[in-house]
1. Would you confirm whether any residue within the stretch 316-332 is without any contact (Cβ under 8 Å) to a residue 40 or more places away in the chain and assigned to a helix (DSSP H, G or I)?
2. Conditions: (1) within 16 Å of the ligand (Cβ to nearest atom); (2) under 19 Å from Arg328 (Cβ atoms). Asp200 meets all but one. Number of the miss?
3. What about Ser65, is it more than 16 Å from the ligand (Cβ to nearest atom), in a loop (DSSP other than H, G, I, E, B) and either under 22 Å from the mean Cα position of the chain (by Cα) or surrounded by fewer than 16 Cβ atoms within 10 Å (Cβ to Cβ) (or both)?
4. Would a scan of the stretch 70-84 turn up a residue that is buried (at least 21 other Cβ atoms within 10 Å of the Cβ) and either of a type in the set (Gly, Ala, Ser) or within 29 Å of Gly374 (Cβ to Cβ) (or both)?
5. Looking at (1) away from the ligand (no atom under 16 Å from the Cβ); (2) over 20 Å from Ser99 (Cα atoms), can you tell me which one Gly272 breaks?
6. Between residues in the stretch 238-254 that are under 14 Å from Leu216 (Cβ atoms) and residues that are within 13 Å of the ligand (Cβ to nearest atom) and part of a helix (DSSP H, G or I), which pairs lie under 8 Å by C-beta distance while being six or more apart or on different chains?
7. Select, from Val77, Val61, the only residue that is among the β-branched types (Val, Ile, Thr) and within 30 Å of Gln274 (Cβ to Cβ).
8. From the list Ser99, Ser143, Ser75, pick out the single residue that is away from the ligand (no atom under 16 Å from the Cβ) and touching a helix residue (DSSP H, G or I) at 6+ places or on another chain (Cβ under 9 Å).
Amino acid sequence: MDPLDMIEMEDRYVLPTYAKLPLVLTRGEGAHVFDASGRRYLDLYGGHAVTVIGHSHPRWVEAVSRQAATLGFYSSVSYSAVRAEAARLLVERSYPSMSQVFFCNSGTEANETALKMARKSTGRPLVVAMEGGFHGRTIGALSVTSGKYRQAFPENLADRTRFVPFGDLEAVRAVEPDRVAAVILEPVQSMAGVRIAAEDYYRGLAAHCRERGIVLIFDEVQTGAGRTGRWFAGDHFGVEPGLVTCAKGIGGGFPVGAVIASAEMASRVETGDQGSTFGGGPLASAAIVATFRVLEEEELVERAGRIGARVLARLREMAGRGMVTGARGLGYLIGVDSKLSAKEVQSKLLERGIVVGTSDVPRTFRLLPPLTVGEDDWETFFRALEDLAR
Ligand code: PMP
């Protein structure tokens, strides 16, 4: 089918909830995707921070295909070796205090579940959330997501949320602690333009939560699975949450979600508290296991940290000279401020064969690539960026 016909057909039948790129993708390989005409694009967006091991990695393809041919689906009512292994990997690669996993299918569901667990186990009504934070689009996750995403839903659960500025510990402490079930945050705020707080902020948050019996929830939907150069982002700050939510990267492109619970939180969970038909299904579990094996064997986490730091340093060097005005990030989660709007940068880079992400900040674009992206790919990006400034 002609690419224009494909676009017309999708626009005809799919609800127009997305601002889309003029891109019909047919294939992916490593850090590249290909459009219907066979044109190759360097993917510095990773389908929105998802494809950590690159597109269609042979190990991932083999694992998912073999599982599909063996047992495509059975719910968590039965035991499964591959589910057990996926859970073990999530527990052992996250924080030392983590103990058990609940599987679901997306980031928003993971956050819904974490909020339920915190409210039930504390018996308290309030949740402290961060200005600029993004946690998903379902009603519960929306109630702790700030800004424009919930404006059309004034009746969501946000009357139970207290929003505070990200990075302001005193503001968290000031919310009546005896009524607070949880503090939820992205350790690195992504949609907000990639914002990182001071190290002692995270330590202070963890101490406050510990002292007041509040559940600290880290939304690691983007930062999990090695993106920041550590398996999970709290490691950078020496801080462990009570609950970790993840999705996106952990399945390498297969829809997955998970809540990882510390031993203390796990001990408060009872049979029947939560369920998900598809969560922890064999295909999803096989995808998680394959993704983690590749991350480990190819040492991609360490590599994202090492090369990401170099990319960031280079962007900072550029700041003030050309189009770039600043940059922040950890590993392969980088926000770049520019003179042009992020939308303009995105479309101009797309013309040059590179996909990047925008953010909620009009002049900040984001780099969230597969962790397999190498030095040569970054050279291609820097050349295109310099070309844009001309
Ligand atoms: N949390 C964060 C930090 C996210 O970036 C996202 C998705 N962009 C979500 C939650 C929601 O995940 P999903 O789209 O899988 O529901």
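The values are calculated or read from the model by the stated rules, or taken from the named source; none is laboratory data. A quick note: this is a predicted structure, and the numbers were derived from the prediction, not measured. Methodologically, a virtual Cβ is constructed for each residue, glycine included, from the backbone with ideal geometry; neighbour enumeration extends over all protein chains shown.
1. yes
2. Only one criterion is unmet by Asp200, namely (1).
3. Numbers: more than 16 Å from the ligand (Cβ to nearest atom): yes; in a loop (DSSP other than H, G, I, E, B): no; either under 22 Å from the mean Cα position of the chain (by Cα) or surrounded by fewer than 16 Cβ atoms within 10 Å (Cβ to Cβ) (or both): yes.
Criteria not met by Ser65.
4. Step one: filter the stretch 70-84 for residues buried (at least 21 other Cβ atoms within 10 Å of the Cβ), giving 82-83.
Subset that is either of a type in the set (Gly, Ala, Ser) or within 29 Å of Gly374 (Cβ to Cβ) (or both): none.
The answer is no, given that none of the residues of the stretch 70-84 is buried (at least 21 other Cβ atoms within 10 Å of the Cβ) and either of a type in the set (Gly, Ala, Ser) or within 29 Å of Gly374 (Cβ to Cβ) (or both).
5. Checking Gly272 against (1) away from the ligand (no atom under 16 Å from the Cβ); (2) over 20 Å from Ser99 (Cα atoms), the one that fails is (2).
6. Final answer for the pair search is Leu243/Ala114; Thr245/Gly107; Thr245/Ala110; Thr245/Asn111; Thr245/Thr113; Thr245/Ala114.
7. Values: Val61 fails: within 30 Å of Gln274 (Cβ to Cβ).
After ruling out the rest, the residue left standing is Val77.
8. On the way: Ser143 fails: away from the ligand (no atom under 16 Å from the Cβ); Ser75 fails: touching a helix residue (DSSP H, G or I) at 6+ places or on another chain (Cβ under 9 Å).
Ser99 is the lone residue from the list that is away from the ligand (no atom under 16 Å from the Cβ) and touching a helix residue (DSSP H, G or I) at 6+ places or on another chain (Cβ under 9 Å).
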